[in-house]
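What follows is one structure encoded as structure tokens, with my remarks underneath.
FYI, it's all coordinate maths here, none of it is from the lab. If you're wondering where the values come from, they're calculated on a predicted model, not measured in any experiment. Every residue, glycine among them, receives a Cβ derived from its backbone with ideal geometry; neighbour counts consider all protein chains shown.
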Amino acid sequence: MVRNRNAVQPQGDKARGIVRIAVIHGPNLNLLGTRETDKYGTVSLSTINDMLEEIATEHPIDLVFFQSNSEGDLVSFIQETGAQCDGLVINPAAYTHTSVALRDALLAVAKPTVEVHLTNPDAREPFRHRSLIADIVLGRVAGFGPQSYCLGLLGLLRHVQEER
């Protein structure tokens, strides 16, 4: 799923102060709202995207959304679209702990990235304690449910604006 809020072209965005951010959702996040609601809550992925769009209306942000259950599709999106963005917010979900390919794609595009999680992986099963991207991202926000995305987006926006 790709969803682009208002299809702002990357040319001229910096001059207008617009920050283009890709929000990337990994595997099984399309099931939010119905999947393991005791852990992930009842908020759907669409509602999370709507929350982020609401923030974007109050700030100079153009958002591009993408969700896939396929590691290869996520890697291709990062390489193609992520390279055209000012930064990335990513919830790699289960690929957090296993995907060297996602790590390599993030390194290749070299954009500031914030890793987000609805739950706190460090408070869960031991195999979830290791993130293969933790050491290459700008920051991590976890454990605040859907607000993790909002906090990550605002933190990334501030970073990009300060770097400009």
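General remarks:
- When Tyr149, Tyr95, Tyr40 are sorted by how many other C-beta atoms sit within 10 angstrom of their C-beta, beginning with the fewest, the order is Tyr40, Tyr95, Tyr149.
- Least to most buried among Phe77, Phe144 (fewest other Cβ within 10 Å first): Phe144, Phe77
- For the chain, the longest piece that avoids every one of the GluC sites (Glu not before Pro) found in DSSP loops with at most 16 other C-beta atoms within 10 Å covers 59-164.
- Fewest neighbouring Cβ atoms within 10 Å first, the residues Thr113, Thr34, Thr81 line up as Thr34, Thr81, Thr113.
- Amide H contacts under 5 Å for Ala142: His117, restricted to partners 5 or more places along the chain or on a different chain, H placed in the peptide plane at 1.01 Å from N.
- Region 2-163, dipole about Cα centre (Lys/Arg Cβ +1, Asp/Glu Cβ -1), debye to the nearest 20: 80 debye
- Proximal charge balance of Arg158 [Cβ under 14 Å; K/R count +1, D/E count -1]: -3
- Sequence-separation-based contact order of the chain, relative, with Cα cut under 8 Å and 6+ spacing, percent: 25 percent
- Length added when fully stretched, Glu125-Ala110, from 0.36 nm per residue minus Cα-Cα: 2.4 nm
- Cα-based helix-to-principal-axis angle, 100-109 vs the chain, degrees rounded to 10: 10 degrees
- Summarising the strand pairing of the chain, around 15 percent of its internal DSSP beta bridges are antiparallel.
- Region 122-156 versus region 43-93: alpha-carbon centroid distance in Å: 15 Å
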